[in-house]
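The values are calculated or read from the model by the stated rules, or taken from the named source; none is laboratory data. Note that the coordinates shown come from a computational prediction; the quantities given were computed from them, not determined experimentally. Glycine also receives a Cβ, built like all others from the backbone with ideal geometry; neighbour counts cover every protein chain displayed. These area figures cover heavy atoms from the full protein model, side chains too; ligands, DNA and RNA do not enter into them. Shrake-Rupley method; radii C 1.70, N 1.55, O 1.52, S 1.80 Å.
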Amino acid sequence: MTDRYEPQTIESKWQQKWEETRLYRRVEDPDKEKWYFLTMLPYPSGDLHTGHWYAMAPSDAAARYRRMRGMNVWFPIGFDAFGLPAENAAIKRNIHPHKWTMRNIERMRGQLRQMGTMFDWEHEAITCLPGYYQWNQWFFRKFYDMGLAYRDKAPVDWCPTCNTTLAREQVWGEDRHCERCGTPVIVKELEQWKFRITKYADELLEGLDKIDWPERVKTLQRNWIGRSEGVEFEMKIQGREDLSFRVFTTRPDTTFGMSFAVLAPEHPLVEQITAPEYREEVEAYVAKAKRKSELVRQQEAGEKSGVFIGAYAINPVNGQPVPIWIADYVLMTYGTGAIMAVPAHDQRDFEFARKYGLPTPIVIVPKEVWEAGDASAWSEEAAAAMEAAYTLKEGGVMVNSGPFDGTAWPQSFDATAKWLEEHAAGERKINYRLRDWLISRQRYWGTPIPIIYCPECGTVPVPYEDLPVILPEDAQFRPTGESPLKFHEAFLHVKCPVCGADATRETDTMDTFMDSSWYQYAYVSPYWKEGETLSPDDIPWDKAVGEYWLPVDQYTGGIEHATMHLLYTRFFTKAMRDVGLVDFDEPMLRLFNQGIILGADGEKMSKSRGNVVNPDDYVSKYGADTVRAFLMFIGPWDQGGPWDPRGIEGVHRFLHRVWSLVVDPPKKQHDQPADDKAITDLRRATHKTLLKVTEDYEKFKFNTMIAALMGFSNTLIAAKETPVYGTEAWDEAITSLLLMMAPAMPHISEELWARLGKPYSIHQQPWPEGDPELAKEEVVEIAIQVNGKVRDRIQVAVDADKAGIEAAALASPRVQKWTAGKTIRKVIVVPGRMVNIVAN
């Protein structure tokens, strides 16, 4: 046994021992509080980079801490293994996606073990294996039976040359061209499969108040769901009253101020009502809009563009015609695909109107302006002079609005809504920004959608007993990126399960968010009933085990998943509840979002940016414990920070100091026993650190936790060369230090624990409890001010009363120097902090 700290040796030794003894195996213990701890599963890209470590090592420390607190902790891991990168690898490297993926998984397993995590590998789940994705298909069937899965047209990015859909990352440049062939990409509508997540919109909103998630995530989800109460009304086309369109507004009180209407370029009315003299310009604009994705159209900054189509619609509240424009910022998939434009009271409409010389009639003014009675404030001249839209609701009063003049918000909403309803022109409605979840992907490497198309029976779901529909292993990948499932005869052609006629399979596969929407349940019983015949009455995991562990108690991961994965998994749980699989509403009771580790270029680490840092190099040099501790020490975990390798040396020296504290004898020998004060001081330092570190683990404040341990180790280094060494207080301090380090730096803690002769394993020991009484200081330093300036600092007993503190302050020689010859007018005592003396 070497006396030198050699992390590579001790880390591999303990990792092997932990695995041999199945230290982290899952056990259902009804006598313990369960704690299902989960961190987001990684995509098997081939190598763990430092960003992965930044997410996983602190999560592991938090899970280990909970275990030492006496909880029955389960910390499983798996791989989100379907996805486009594997398919691209198949095309570029002539390697099957399954082979590429499984090879990467094997590599990453080793790296995750090297990290020293307490992952339960016995319940690993890999989403690309048939034993996993058979349940994706089973869920699809269930959702189909419930009316939650349906087929509808939806826009996709399409390459006309490759004759295939493209993922967002395959569309390059501002001109939006195909990454493979450079052809300009168009937006095309295809029949695709969706999940009816909108059915749960209100419940998804209400549930946010019941879970301990970061407020920022809740806000993002609330905004994404976008519940708004308003009025939807009809606008008829002038001269073509058989034609009309509908608009939704949350501000019916501004309807009198409508000066134009805008349709989405894809709106079916555009082709019907465009005037001949405007058709060429309109068609060119529509073609240009079709080349933009919805995301781009929603996010585009700067000036909005549009084209007048030569037609007019009738404003139902005043009968006045308003010009109809098309603009690409209006989407056919959002709301009704049409908007009323009230430029005086909506900033986007205001900017559009100013650009194209459209009127901006004022119909809302502040209450005080209305009460002043000066009509010039809402005249055409005042409107022309506006520099920005007036968007205030509260305190606003209607003007230029006929019988509604003088009506204030919120009565103005109710009054105009009632008028529209009474005149059969519109009705109150609740609208949502949330759209149904499009799950179809025109790719190979994903879960096949279990649907058959029969010329006689139409759309037929694959029977439960015929699941899973297996991805063919002999798929031939084309350079164009077209899904090989479209050309695989054995996969494509099938008999209809209803009538036996020749039929074809659905060749789309499922969105990979399908896999990650329920993986926390799959961990309970990975590949449950693999090889068995499935039925609609099955449960995708062992029911008894699931009842013990579910739902997840603590989840960790990035906030970038707020409106997709984190929303989808909530929807999935609610749908599973309605199926009868679970009896709770939310998948994860608590969530903590870690920040982002940045590369040398200041950007998020990613392989596509080429700025990743390989942690293996640092583990080889410093050991996993050093890398783990350094990542936790960089800064607040929820904020992230830049990777700066210069700081890792300081953390490595800290671990060497701790090693020396335990292994090396003191340089001095003392014959005299330690005095009581030294013992008390050491115990105070121990318990202060215990209280601080415990609080930091509870709140995921790993950086200040590491700092506290470093400070405590310096205290112990000084104490080691005094008679306190070897006392019970010393033993308490050293064992407490190792126990506090164990969650974050598991290998060195285990090794030093063993060297102290303690029982295996340190990770099975109870967490040491800090005693607030022992942590209390006996004295406290007080600043003494004379006329507002600090003239001295004195130490007084922590429990000293005001009279005693005042007396001690006035007795200070330095204070007496500054008050000599003066009359003391007032003495202000703030116990524990300061004394202020006023003298003149």
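Considering segment 34-52 alone, what residues qualify as being more than 17 Å from the chain's Cα centre (by Cα) and not in a loop (DSSP other than H, G, I, E, B)?
At the first step, the residues of segment 34-52 found to be more than 17 Å from the chain's Cα centre (by Cα) are 34-36, 44-50.
Residues satisfying the conditions are K34, W35, Y36, T50.
With the requirement that a residue be part of a loop (DSSP other than H, G, I, E, B) and open to solvent by less than 30 Å² (accessible area, probe 1.4 Å), what does segment 119-132 give you? Break it down into steps so the answer makes sense when it comes.
Taking segment 119-132 as the starting set, the residues that turn out to be part of a loop (DSSP other than H, G, I, E, B) are 119, 127-129.
Within segment 119-132, F119, T127, C128 meet the criteria.
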Hey, could you check segment 798-826 for residues that are open to solvent by 40 Å² or more (accessible area, probe 1.4 Å) and β-branched (V, I, T) and say which is farthest from L774 (Cα to Cα)? T823
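Suppose we filter A425, A415 for residues that are among the aliphatic types (A, V, I, L, M), over 30 Å from P484 (Cα atoms) and modelled with pLDDT of 95 or more; which single one remains? If you could, list the steps in order and put the result at the bottom.
Values: A425 fails: modelled with pLDDT of 95 or more.
Going through A425, A415 in turn, just one is among the aliphatic types (A, V, I, L, M), over 30 Å from P484 (Cα atoms) and modelled with pLDDT of 95 or more: A415.
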Test K495 against the criterion of being modelled with pLDDT under 95 and assigned by TED's automatic domain parsing to the domain that holds G182, and give yes or no. no
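Considering segment 739-756 alone, what residues qualify as being in a helix (DSSP H, G or I) and buried (at least 20 other Cβ atoms within 10 Å of the Cβ)?
Taking segment 739-756 and keeping what is in a helix (DSSP H, G or I), we get 739-741, 746-755.
Within segment 739-756, L739, M740, M741, P746, H747, I748, S749, E750, E751, L752, W753 meet the criteria.
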Under the condition of being more than 24 Å from P479 (Cα to Cα) and of a type in the set (D, E), which residue from segment 133-177 is least open to solvent (accessible area, probe 1.4 Å)? D152
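Pick out the one residue from V829, V779 that is surrounded by 13 or more Cβ atoms within 10 Å (Cβ to Cβ) and within 30 Å of E695 (Cβ to Cβ).
On the way: V779 fails: surrounded by 13 or more Cβ atoms within 10 Å (Cβ to Cβ).
None of the other options fit; the residue is V829.
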Of all residues in segment 713-738 being assigned to a helix (DSSP H, G or I) and open to solvent by 50 Å² or more (accessible area, probe 1.4 Å), which is farthest from F654 (Cα to Cα)? E728
Looking only at segment 780-828, filter to residues that are of a type in the set (G, A, S) and not in a helix (DSSP H, G or I); which one of those is nearest to V838 (Cα to Cα)? G788
Please determine whether any residue of segment 590-597 is open to solvent by 20 Å² or more (accessible area, probe 1.4 Å) and free of Cβ contacts under 8 Å to residues at least 60 places away in the same chain. no
Having 1 or more residues that are farther than 22 Å from R25 by Cβ is the bar; report the helices (runs of 4 or more DSSP H) wholly within segment 493-577 that clear it. 513-516
Only one of A353, A382, A375 that is among the small types (G, A, S) and either within 18 Å of P323 (Cβ to Cβ) or in contact with a Phe, Trp or Tyr (Cβ under 9 Å, 6 or more places away or on another chain) (or both): A353
